[in-house]
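Notes follow once the structure below has been shown.
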Amino acid sequence: MKTTESHPTVFVVDDDASVRKGLARLLKSAGYAVESFASAREFLDRISQGESAGCVVLDIQMPELSGLELQQKLKTFTPPISIIFITGHGDIPISVRAMKDGATDFLPKPVGDEELLSAVRSALARNAEERSSHARLRELQQRASTLTPREREVMALVVRGQLNKQVAGILGTGQQNIKVHRGRVMQKMKVTSLAELVVAAEKLGILARPMTPPALLSSTAASAGGRISPPSA
């Protein structure tokens, strides 16, 4: 079954066949696409095949790989899939740990139909927002990867409020050159104002890094998946 942004899947992972079938039947009756798995390992193999929009209804206590252990592995996925824990063995410390690690809900068995469906709606909404944010970030990273080393230096300084004259002095070049580089930065980043460029820089993490331009540029390139040589003087 192929998962798409407009048709997310609810994954059910529980080693109890009767619970698994009951949950799948309820979710399908509510109109959701459902995939069921008897173990966390089986689900992990499936989800590792590619990006999946949706959420997982996950049992805590399972053999081999527990729900909490699976949660830790799923945290490495980008964007992460939303998790709803269900369990007949939960306690407060476990529920607190699960929620702190990003679970959207923690429900005791037997879970009521409406309670589960409400949790699924919330989890799917959260997953959709996270995927949208991730897509926007990847687009910004792609745009940043098209900048030259000098353009990245100019951007790093401009978004910190440096005027063209100040940037020229820091980089040891003329103001006209800075104007040209700045214009190209705006064009390549597809922004029309300094405010938009600052927002883009913030999302890319540029403003959170030290002021030294070469360090900024190397970090930005790494996050964008590219490699940048140090700019010439």
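None of the figures in this text is laboratory data; all of them are computed from the coordinates on show. Nothing here was measured: the structure is a model prediction, and the numbers come from that model. Cβ atoms come from the backbone with ideal geometry, glycine included; neighbour counts cover every protein chain shown.
Which whole-Hz couplings ³J(HN,Hα) result when phi for each residue of region 152-157 is put into the Karplus expression 6.51 cos²θ - 1.76 cosθ + 1.60, θ = phi - 60°, listed in order with x for Gly and Pro?
5, 5, 4, 4, 4, 7
Work out how much length GLN187 to LYS203 would gain on full extension: take 0.36 nm times their residue separation and subtract the Cα-Cα distance, in nm to one decimal. Provide the component values of the computation, followed by the final result.
Values: separation 16, 0.36 × 16 = 5.76 nm, distance 1.78 nm.
4.0 nm is the gain from fully extending GLN187 to LYS203.
Which pairs, out of LYS28/LYS109; LYS165/LYS203; LYS109/LYS203, put more than 29 Å between their alpha-carbon atoms? Please report the intermediate quantities before stating the final value.
On the way: LYS28/LYS109 19 Å; LYS165/LYS203 26 Å; LYS109/LYS203 40 Å.
In this structure, LYS109/LYS203 exceed 29 Å between Cα atoms.
Can you pull the one-decimal nm distance between simple spin-label points at LYS28 and SER66, each 7 Å off the Cα toward Cβ?
Placing both labels 7 Å beyond Cα along the Cβ direction yields 3.2 nm.
Explain nothing, just the number: dipole magnitude of the chain about its Cα centre with +1 on each Lys and Arg Cβ and -1 on each Asp and Glu Cβ, in debye rounded to the nearest 20.
1540
Nearest 500 deg cm²/dmol is fine: what mean residue ellipticity at 222 nm does the chain get from its DSSP H runs of n ≥ 4 alone, each adding -39,500 (n - 2.57), divided by its residue count? Don't skip to the end; give the middle numbers.
Values: 10 runs with 124 residues, N = 233.
Roughly -16500 deg cm²/dmol at 222 nm, from the helical runs in the chain.
What is the spread of the Cα atoms of the chain along each of their three principal axes, largest first, in whole Å?
Principal-axis extents of the Cα atoms in the chain, largest first: 73, 33, 27 Å.
Assign unit charges at the C-beta atoms only (+1 for Lys and Arg, -1 for Asp and Glu), then state the dipole size of region 21-96 relative to its Cα centre in Debye, rounded to the nearest 20. Walk me through the numbers before you get to the answer.
Working: 7 positive and 8 negative charges, 45 e Å.
It comes to approximately 220 debye.
Kindly put VAL13, VAL111, VAL167, VAL180 in sequence by how many other C-beta atoms sit within 10 Å of each C-beta, fewest to most. It would help to have the intermediate numbers written out before the result.
Numbers: VAL13 28, VAL111 21, VAL167 24, VAL180 14.
Listed from fewest to most nearby Cβ atoms, that is VAL180, VAL111, VAL167, VAL13.
Order these by the 10 Å Cβ neighbour count, fewest first: MET155, MET186, MET99.
Working: MET155 30, MET186 18, MET99 14.
Lowest count first: MET99, MET186, MET155.
Loop only per DSSP, at most 15 neighbouring Cβ atoms within 10 Å: give me the GluC sites (Glu not before Pro) in region 38-134, ordered by residue number. Don't jump to the answer; show the numbers that get you there.
Values: sites: GLU42, GLU51, GLU64, GLU69, GLU114, GLU115, GLU129, GLU130; in loops: GLU51, GLU64.
For GluC sites (Glu not before Pro) across region 38-134 that sit outside H, G, I, E and B with at most 15 neighbouring Cβ atoms in 10 Å, the list reads GLU51, GLU64.
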